[in-house]
Amino acid sequence: MAKAAGSKPTISDGARDALWVCASAAFAIGLWELAVLMVKPPAYILPAPLDVLVRTWTDRSLLLSQGMATMGEILAGLFLSIAIGIPLGIAIVAIPLVQRLAYPIVIAFNAIPKVALAPLFVVWFGYGFLPRVLITTSIAFFPIVVATVTGLMSIDPDLLRLAAVSRAKKSRIFLHMRLPQAVPSITAGIKIATSLAVIGGIIGEFVASDRGWGYLLVQASGSLDTTIMFSIVIILAIVASLLFYLIALAETRLVSWHASKRSI
Amino acid sequence: MSPEASALIDLRDAGKTYATRTGDVVAVEKATLSIANGETVALLGPSGCGKSTLLMMIAGLVAPTSGAVVIRGAPVTGPHNSLGVVFQRDLLLDWKSVLGNVLLPFELRGEDPRPHEAEARALLERVGLAKFETKRPFELSGGMRQRVAICRAWIQNPDILLLDEPFAALDAFTREQMQLDVARLSLDRPRTTILVTHEISEAVFMADRVAVMTARPSQIREIIHIDLPRPRNVAIRESGAFGAYVTGIHSRFSSLGVLHG
């Protein structure tokens, strides 16, 4: 198969985008600094941006070592969500029995506030790495399943007519038509799952952990250490954004043919 | 032996009625038409005359509610195995190259497309797309895309070609060029071709016979033989005989009440 000859965004486009991200971050920090300067709140209510930065640097080894645990949970949970979500979505569309039996369960499961499951996971699996990954997965996998199902189902009926007059095999329609056209939908689901995995990782540590950024947050809250809490929150925002951009980058490579990915 | 027995495609009182909540809707009244091997027939009429439904019944995608569609003596129950269809939309897959799209029918059937690659390239060359085989569909113009769709129908070397308003979405010049291209492609081997169109000159240019259809009732009202020489080329379009057929069919539509005022 030939390589895609699609027009790619140029480097100057990427640099300009990055510049705007920086400008927007600077704007937010500026507002924050302004608020601190004008209101002069005590540090346990609202610390100054510079104080947060300094604190992040002094406690860098603590933040990093605790962060490894959290990142491990987020990435493992996200990986598990993709590894379960996409095959489950495919099975739901491809196998009528699975659709009838499993899809209602998936939907009912999603209706549960997953935080409510966290204590149960602690009872079953204790305070280790596993329950936290499972909590993350339980939160993140649902949008991937739904996006996969929706993507596979929403096929142009005219394409199916083309397949019918070509006397296509069902498995081949799946491989050459349904699956490729579902990819943009699936990657959109993974993007949503990425943000949810970060939430899941932190919730998991709130209830079932003795380590991680979530655990640090709970500890800091107990001692009114607002500065370190701000450090963690900002780090989480950066981590979640980076993960999102990483997925978006993979998506651009994967679906260069899709209308939303063309720069004309 | 009746003339119907030698026909390749035989519509025997084939009709289609859809049941809706507000009552039955007749898409096609009983249509009777015999199409000989190698013949090109145009189904010509305004929208709502059932011409596309008729074509879909021949394709085996829509089952008639009355009568039957018979191909080579056997009633149609599904898509025939020697069928090439060009739809109004090109239906190219954006994630496949031009060549990959032409070879798609083999992929869909689970056959190895590689033995057909040379053939696909030759077809693309004949429609002027020799240098485009590695391009993606979104890099092509509307006319080029529809040419790829035509190659995709031709690659299977079908006995029967069904063209469902294949040029309707194109501008006038591209449309005329495509009509010439299809006429040229059909030179190597006459194929039984059924063309659905709402354009009189297109029907006259392409067809050996034109079935004049009307809406309300949706039926074939008249069949007109087009006695123009083959191969059809630009000169024929400019001939007096061609113009006379177009004018004649136009006035036929007026007298049938399709056009008034």
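The numbers here are math on the coordinates, done by the rules we state, and not lab data. The model shown is predicted, which means the values in this text are computed figures rather than measured ones. No Cβ is skipped: glycine too gets one built from the backbone with ideal geometry, and neighbour counts run over all protein chains shown.
Quick notes on this one:
- Amide H contacts under 5 Å for B:Ala27: B:Lys16, B:Thr17, B:Tyr18, restricted to partners 5 or more places along the chain or on a different chain, H placed in the peptide plane at 1.01 Å from N.
- Net dipole in debye of the range A:58-258 [+1 Lys, Arg Cβ; -1 Asp, Glu Cβ; about Cα centre; nearest 20]: 940
- The range A:58-258: relative contact order as a whole-number percent, Cα under 8 Å and 6+ apart: 29
- Membrane-span-like helices in chain A, defined purely by DSSP H runs whose alpha carbon atoms cover 18 Å or more axially and whose average Kyte-Doolittle hydropathy reaches -0.5, are A:11-39, A:60-94, A:96-111, A:129-153, A:179-207, A:226-254.
- Of the trypsin sites (Lys or Arg not before Pro) found in the range B:1-98, those that fall in a DSSP loop while having at most 12 other beta-carbon atoms within 10 Å are B:Arg21.
- Sites counted here are chymotrypsin sites (Phe, Trp or Tyr not before Pro) in a DSSP loop (not H, G, I, E or B) having no more than 16 other Cβ atoms within 10 Å; the longest part of chain A that contains none of them is A:128-264.
- Looking at the range A:156-257, none of the trypsin sites (Lys or Arg not before Pro) sits in a DSSP loop with at most 10 other Cβ atoms within 10 Å of its own Cβ.
- Taking chain B and dividing mean pair separation by its residue count, relative contact order in percent (alpha carbons under 8 Å, at least six apart): 25
- Inter-part distance where the range B:62-119 and the range B:155-216 are each reduced to a Cα centre, Å: 17
- The mean count of C-beta atoms from other chains within 10 Å of the C-beta of residues in B:87-99, rounded to a whole number, is 5.
- Using a simple spin-label model with pseudo-atoms 7 Å out from Cα toward Cβ, B:Arg209 and B:Val25 lie 3.0 nm apart.
- Its convex hull of Cα atoms gives the range B:67-182 a direction-averaged projected area, equal to a quarter of the hull surface, of 8.2 nm².
- With K and R counted +1 and D and E -1, the other residues having a Cβ less than 11 Å from that of A:Ser209 yield a net charge of -1.
- Whole-number percent relative contact order across the range B:91-157, with pairs defined as alpha carbons under 8 Å at least 6 apart: 48
- Counting neighbouring Cβ atoms within 10 Å and putting the fewest first, the residues A:Ser138, B:Ser239 line up as B:Ser239, A:Ser138.
- Pairs exceeding a 31 Å alpha-carbon distance, out of A:Lys191/B:Lys135; A:Lys114/A:Lys170; B:Lys16/B:Lys135: A:Lys114/A:Lys170; B:Lys16/B:Lys135.
- Dipole of the range A:26-107, positive end: most advanced residue of A:Leu78, A:Leu88, A:Leu63 [Cβ charges, Cα centre]: A:Leu88
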